[in-house]
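Colleague: For reference, the structure I am asking about is given below.
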Amino acid sequence: MGAGDLYTRPLSSTAILRLISVMSQHKSLQSAKGVAVKRNVLKRFERVELLKKRGQWKEGERIFSLRKTKPEV
């Protein structure tokens, strides 16, 4: 068994699990764990709910090309 055989041989499931458990995650990708940040961009259904609450939404209007809305503070 030469050194080249190590790279051509498929990894076992335990070897893959060991590799996965060693990998770390970048801090920007980790969850904040309890820190709630107010988003400044709303999803479409949130924008429609906000427009309904403000009285700027008429039933039957298109949900595309909605007017700009700022989230409530």
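Colleague: Roughly how many nanometres apart are two label points built 7 Å out from the Cα toward the Cβ at LYS27 and ARG44?
Modeller: Output for this residue pair reads 3.7 nm.
Colleague: What does the charge count around ARG62 come to, taking other residues whose C-beta lies under 13 Å from its C-beta (Lys +1, Arg +1, Asp -1, Glu -1)?
Modeller: Result for the local shell: +2.
Colleague: Can you give me the distance in nm between label points at LYS70 and ARG9, each placed 7 Å from the Cα along the Cα-to-Cβ direction?
Modeller: Output for this residue pair reads 6.4 nm.
Every number in this text was worked out from the coordinates using simple rules, so none of it is lab data. It should be emphasised that the depicted structure is a prediction, and the values quoted were computed from it without experimental measurement. With ideal geometry, Cβ positions are generated from the backbone for all residues, glycine too; neighbour counts draw on all protein chains shown.
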